[in-house]
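Notes to accompany the following structure.
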Amino acid sequence: MARARKRDRLRWSKLYTFSCFHQPHTDEAAGPAAVSGSPVGGPGFSRIVHCNNSILHRRKPLKYPTNYISTTKYNVLTFLPKAIFEQFRRVANLYFLLTAILSLTPVCPFSPVSMIAPLAFVVGLSMIKEALEDWRRFMQDMKVNNRKVSVHKGDGEFEFRHWEDLCVGDVVKVEKDQFFPADLLLLSSSYEDGICYVETMNLDGETNLKLKRSLEVTLPLEEDETFKDFQGVIRCEDPNASLYTFIGNLDYERQVYALDPSQILLRDSKLRNTAFIYGVVIFTGHDSKVMQNSTESPSKRSRIEKKMDLIIYILFTVLVLISLISSIGFAVRIKLDLPRWWYLQPQNSNKLDDPTRPALSGIFHLITALILYGYLIPISLYVSIEVVKVAQAHFINQDIHMFDEETGNTAQARTSNLNEELGQVHTILSDKTGTLTCNQMDFLKCSIAGVSYGVRASEVERAAAKQMASGAADQDIPVQDVWESNEDEIQLVEGVTFSVGKTQKSSIKGFSFEDDRLMQGHWTNEPNSNMLLMFFRILAICHTAIPEVNEATGALTYEAESPDEGAFLVAAREFGFEFFKRTQASVFIKEKYTSSNGTTEREFKILNLLEFNSKRKRMTVIMRDEDNRIVLLCKGADTIIFDRLAKNGRLYEPDTTKHLNEYGEAGLRTLALSYRMLEESEYESWNAEFLKAKTSIGPDRELQLERVADLIEKELILVGATAVEDKLQTGVPQCIDRLAQAGLKIWVLTGDKMETAINIGYACSLLRQGMKQISLSTTAGDQVAQDAQKAAKESLMLQIANASQMVKLEKDPDAAFALVIDGKALTFALEDDMKNMFLNLAVECASVICCRVSPRQKALVTRLVKEGLGKTTLAVGDGANDVGMIQEADIGVGISGVEGMQAVMASDFSISQFRFLERLLVVHGHWCYKRIAQMICYFFYKNITFGLTIFYFEAFAGFSGQSVYDDWFMLLFNVCDRIFDLLKPVTYMAYMKNKHARKGNTIKWTSGML
């Protein structure tokens, strides 16, 4: 059985750039050094794993940690010392600890109980809160540690064990929809070619499935019994936090095989669409990559909390001042009046009130006064605020108005420390794709062989029509609102029309294309039908998607790496080219209109696949068709593809460029498609270089692969371009408009082209009619000579200076400016000698759009705004590329969209739709700020009043250090009244609402309440 399967096994190792390959046979004694250039065995690459022999890793010299994990802050032994240390890191608690200690001495005016009990109550309450939070973390850890997985116990038999009992070297069997218990080396799977599909949402937030594949040599390990005599040694890198790299090798059956990330299954990722896999444990517990990445989020404190600390320091200064006054008054009265007050003289005089030594008595009285007037400082303020903030966070979480019915998600306050900061936001920095838009692509238009197809309008075009209609209405020209109009089309300029009627919604998700010239096989009647055929095949073949059949409905869906790719496959299906099956080495397409016999199933053998990444900005598939021709199919950014066109492949470049500009102005996302026919000899020669680059091990492997890819991705023939629409989320224009009315500055940071970003800005009301646009750009290339770079920088500086002068000379007080800058110009603008000029100009503009920005630039812009303005900044995004921006801002808001949860996991607050940001800021932010501010003012007022009455009494009591209140009254004030202090603000904030919020109006707030 196994032998038959081995004969039929496909040679997948010639395909993917992420595949692994074994090296030729080497002497076993050579060990890892047999792999040329391998760093294995050197510094940082010293880990040795004996497969199926875990007992060797439980003792020295290896002795790797167990698979038990703990994310708690405390344990049974460390809770008391660590929790007490945490409590007395606060200056106020440290002060009250000192007074509690002094209460045991004769200088204290109160009984020890009245001083110790309040402190014990407040500190104890905070410690109980800490213990409960840590207990929840402990229970979550136990739930994970007690999960079960099937482990090889010997003689080809498997048994279930808890995750925490796993050891390095154990062989495990993981079944479909289960999480991987540790970092594993994939040995085999339920698929013959050893592939499996993995969901990594818990690691990187991405929802698309990743393809993993085992080494070819371990494919026979396909059943439990085959592991009876399985032995091997893995030598690899030491534990580290890099999720996307792995260097190592497997010594198996006297040969050494190179390992890379495509064979590694990381802990907390999930097995999908695969019945089972076998794997050997490499990293356990806190050595696993996910635990190596579990760092704490940046600590953020609200401005109101910082101001509260300042007020406490001021009150402490007042306390010391009035204590000095009291001690001086006491010393004077002791020296001058006590000898005459025979009725007040103690029977046994002591140094506390010795008239012969008034200075010493005054010093002791200073300590007494510091304790006596200590009620100026509210002992329970911190814990009271914590309780109130938790209640406010609960109100945010339970707000039905921020519930997304489509996803079932509610708003989440992931931290309660920044509630009131929501009411002080000055600048919002937002991503576009997935944040302002849905990140659910619809195939809308295309350009093939220089001809544009698709007659439907994009949202940007409809928004432009609406604004034109509004402009006509302002001029008293009767016009119907295009959103309410029953007309099927509207004319923008002479001879150009598009449909905007109520029939815009498509019944096919991902496909809003409408043009009879291509539908129902009519494309075969077009003049360039051969180019149309190639275009459709590129859509159907050049991808990494996985087809899935819904067992209930029989419908075919696609697990694609990006929404764009999914839209392309849906479009190809609607055009008659349905991708329905993928094997390890082939793609199968059902073609409807290419044969007179009706639907025809065709197999295209995939020879190589060069993946898309943000640096390459293109993807290539090399395939062999049924006529035994080798064809290279390439899709990517238009600038990248155009640079690689052959001289005879530029026939349609002028018309395609024109269409791409039109699509960009319509707010559509575009890609260019191309192909190349390869000769057998040319391919074989290139493939040998490609295999050599792929089998190399070392830090320059990626550079070698990129160099080899450039050798084949040239001399392309342009076929056309696609245009997909990423629709705006519901309510985005209204939300941005109301936030602008509330006085907030809004910046959009996007990777789109400038034309696309501008038109999206109009569609979402970020840019409005009548706004004066300022565009900053430079023509400098990615790598320019030093003199050219200097010239580009000087040009940009001149543009900024001219724009700033134009803004200053503007006489219309209602004039609004919008600043648009591209990524290359932004690189110069963020340099030290120019960033202040850029920021000063941006501050004068109502809206700012930064185009073609990288994730790093997003974080740098956020830091510039935060530090340059000194006001509260809020960053909102939905993808992994927004994490830096979210963590850099004063407040980070994550959108739980289709790009995964990494942005949400890094955020302080999460929402499902951008439109909920309005309510989060102008309602909850307003309420939280006002309630916290008034509560703090109330606490300070109450304690200052209470403390000053004691001081006032002292002036009439000879500064004797006696309290006007009974000790038990003081105790009840500090303990029982603190309970009521907690209940009163909570009750107050539950019912105190702004009348404008009840009416649904926008609230405009200020940041000077405290």
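Numerical summary
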item: Residues being touching a residue at least 40 places away in the same chain (Cβ under 8 Å) and not in a loop (DSSP other than H, G, I, E, B) - total across segment 581-596; result: 2
item: Qualifying positions in segment 406-446 - of a type in the set (Val, Ile, Thr) and closer than 20 Å to residue 762 by Cβ; result: 428, 433, 435, 437
item: Residue among 888, 867, 844 that is out of contact with any Leu (no Cβ under 6 Å at 6 or more places or on another chain), acidic (Asp, Glu) and without any contact (Cβ under 8 Å) to a residue 12 or more places away in the chain; result: 867
item: Breaking point among (1) among the aliphatic types (A, V, I, L, M); (2) in contact with a helix residue (DSSP H, G or I) (Cβ under 6 Å, 6 or more places away or on another chain); (3) free of Cβ contacts under 8 Å to residues at least 24 places away in the same chain, for residue 798; result: (2)
item: Near pairs, Cβ below 7 angstrom, 6+ apart or cross-chain, from segment 920-933 (under 10 Å from residue 392 (Cα atoms)) to any residue that is of a type in the set (S, T, N, Q) and assigned to a helix (DSSP H, G or I); result: 928/392
item: The one condition in (1) touching a Ser or Thr at 6+ places or on another chain (Cβ under 7 Å); (2) surrounded by fewer than 20 Cβ atoms within 10 Å (Cβ to Cβ) that residue 180 fails to fulfil; result: (2)
item: Contacts under 9 angstrom Cβ, first residue in segment 138-163 being of a type in the set (Phe, Trp, Tyr), partner surrounded by 12 or more Cβ atoms within 10 Å (Cβ to Cβ) and part of a helix (DSSP H, G or I), 6 or more apart; result: 158/224; 158/227; 163/144; 163/145
item: Strands (runs of 3 or more DSSP E) wholly inside segment 610-696 that include at least 1 residues being of a type in the set (Ser, Thr, Tyr), in contact with a helix residue (DSSP H, G or I) (Cβ under 8 Å, 6 or more places away or on another chain) and crowded, with 22+ Cβ neighbours inside 10 Å; result: 618-624, 669-678
item: For residue 226: the one exception among (1) polar (S, T, N, Q); (2) surrounded by 17 or more Cβ atoms within 10 Å (Cβ to Cβ); (3) farther than 18 Å from residue 46 by Cβ; result: (2)
item: Test: residue 464 is at pLDDT below 75 and surrounded by 20 or more Cβ atoms within 10 Å (Cβ to Cβ); result: yes
item: Helices (runs of 4 or more DSSP H) enclosed by segment 741-831 - at least 1 residues per element that are outside the structural domain of residue 841 (by TED's automatic domain parsing) and over 19 Å from residue 875 (Cα atoms); result: 754-763
item: Residue 529 being surrounded by fewer than 16 Cβ atoms within 10 Å (Cβ to Cβ) and either modelled with pLDDT of 90 or more or closer than 22 Å to residue 726 by Cα (or both); result: yes
item: Qualifying residue in segment 248-260 (condition: at pLDDT 90 or above and β-branched (Val, Ile, Thr)); result: no
item: Test: residue 48 is within 34 Å of the chain's Cα centre (by Cα) and modelled with pLDDT of 80 or more; result: no
item: From the options 321, 315, residue that is in a helix (DSSP H, G or I), of a type outside the set (D, E, K, R), surrounded by fewer than 12 Cβ atoms within 10 Å (Cβ to Cβ) and modelled with pLDDT of 70 or more; result: 321
item: Options 355, 346, 298: the member that is modelled with pLDDT under 80, under 44 Å from the mean Cα position of the chain (by Cα) and not in a helix (DSSP H, G or I); result: 298
item: Residue in segment 550-562 that is surrounded by 19 or more Cβ atoms within 10 Å (Cβ to Cβ), in the same structural domain as residue 649 (by TED's automatic domain parsing) and not in a strand (DSSP E or B) present; result: yes
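Conditions (1) at pLDDT 80 or above; (2) assigned to a helix (DSSP H, G or I), marked per residue:
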| position | (1), (2) |
| --- | --- |
| 92 | no, yes |
| 115 | no, yes |
| 123 | yes, yes |
| 150 | yes, no |
| 153 | yes, no |
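The values are calculated or read from the model by the stated rules, or taken from the named source; none is laboratory data. Owing to the predicted nature of the structure, the values given are computational and were not obtained by experimental measurement. Please note: Cβ atoms are built from the backbone with ideal geometry, for glycine as well, and neighbour counts cover all protein chains shown.
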